[in-house]
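Sharing a structure here in structure tokens format.
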Amino acid sequence: MPARASRRHAIADDLRNQISTGRIKAGDRLPSEAQLAERYAVSTPTLRNALGLLQAKGLVEKIHGKGNFVRRPLCRITYVGGRTPDVHAAADATLHVSIRTTNLRARGNLAALLRVPARSPLTEFLCLTCEGSSPHSLARIYVPRDLAPAEMPSESPWCREVESRLAERRPPLAEIREEVNSRLPTPQEAATLRISSTLAVLAITRVAVDVTGRVVEAAHLVLPGDRADAVFTTRHTTEERGTEG
């Protein structure tokens, strides 16, 4: 077992070196798994384990039916919490969002999250952010049906338009609660984002409450760990500072 593990790491290191030195370029398709297994004189499972190490680091992505490809460096995005949330990217980022709108009924955890009775009418906005043709991050946003915008574009240059459309219909916000976890992606998330099932994601659950105490928005965001940062700023009021003194 240790020998097999060391062989797996040796193969991953060799491929990583070829990628870093430019011998294998971003966007290139790697030889087939069978060809690589033969080249390195290992079994196919060992070879797949080696590729899994590179996929977990975001260096290689496996596209079903096409093979393994060297990832182009993806831009990093910063999730800014503590206010009406926004996701910032580098100024030169070519990010765009595809949006799928679905009407549904609240049930289970979703009903509890929005504090509504079961089968209450909701609208879901499934937002898949892409950089070029590569999936980048994922968000599922839920609002009570009466607060859903009359129209939401199916494509948007960036997520700010989505946020502004949602803000048009809702009352002023009194509180935003955010829960942040680092976890492995679900099989569906891994497939949608084309990431390894061993690459940790930043999972953010966000709940927005208006001045009457009504939950007006709940969202689940999934940001792969190889391209995301989160920033939260806490500001102390004058009264708090006086109490501390």
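So is LEU193 buried (at least 18 other Cβ atoms within 10 Å of the Cβ) and under 20 Å from the mean Cα position of the chain (by Cα) or not?
yes
Still on this structure, please answer the following. Of the residues that make up segment 162-176, is at least one closer than 18 Å to HIS220 by Cβ, without any contact (Cβ under 8 Å) to a residue 12 or more places away in the chain, assigned to a helix (DSSP H, G or I) and over 13 Å from the mean Cα position of the chain (by Cα)?
no
Still on this model: Scanning for something closer than 15 Å to PHE69 by Cβ and either of a type outside the set (A, V, I, L, M) or touching a residue at least 12 places away in the same chain (Cβ under 8 Å) (or both), does segment 2-12 turn up at least one residue?
Scanning segment 2-12, I find no residue that is closer than 15 Å to PHE69 by Cβ and either of a type outside the set (A, V, I, L, M) or touching a residue at least 12 places away in the same chain (Cβ under 8 Å) (or both), so the answer is no.
Any residue in segment 121-134 that is under 13 Å from PRO224 (Cβ atoms) and in the same structural domain as ALA218 (by TED's automatic domain parsing) sitting within a Cβ distance under 6 Å of a residue that is hydroxyl-bearing (Ser, Thr, Tyr) and crowded, with 17+ Cβ neighbours inside 10 Å? List the pairs, counting only those 6 or more apart or interchain.
Listed by first residue and then by second, the contacts come to THR129/SER137.
Criterion first (under 24 Å from the mean Cα position of the chain (by Cα) and either of a type in the set (S, T, N, Q) or at pLDDT 90 or above (or both)) does THR84 satisfy it?
Judged against the criteria, THR84 is a match.
The values are calculated or read from the model by the stated rules, or taken from the named source; none is laboratory data. Keep in mind it's a predicted model, so treat the numbers as computed, not measured. Every residue, glycine as well, gets a Cβ built from its backbone with ideal geometry; the counts of neighbours run over all protein chains shown.
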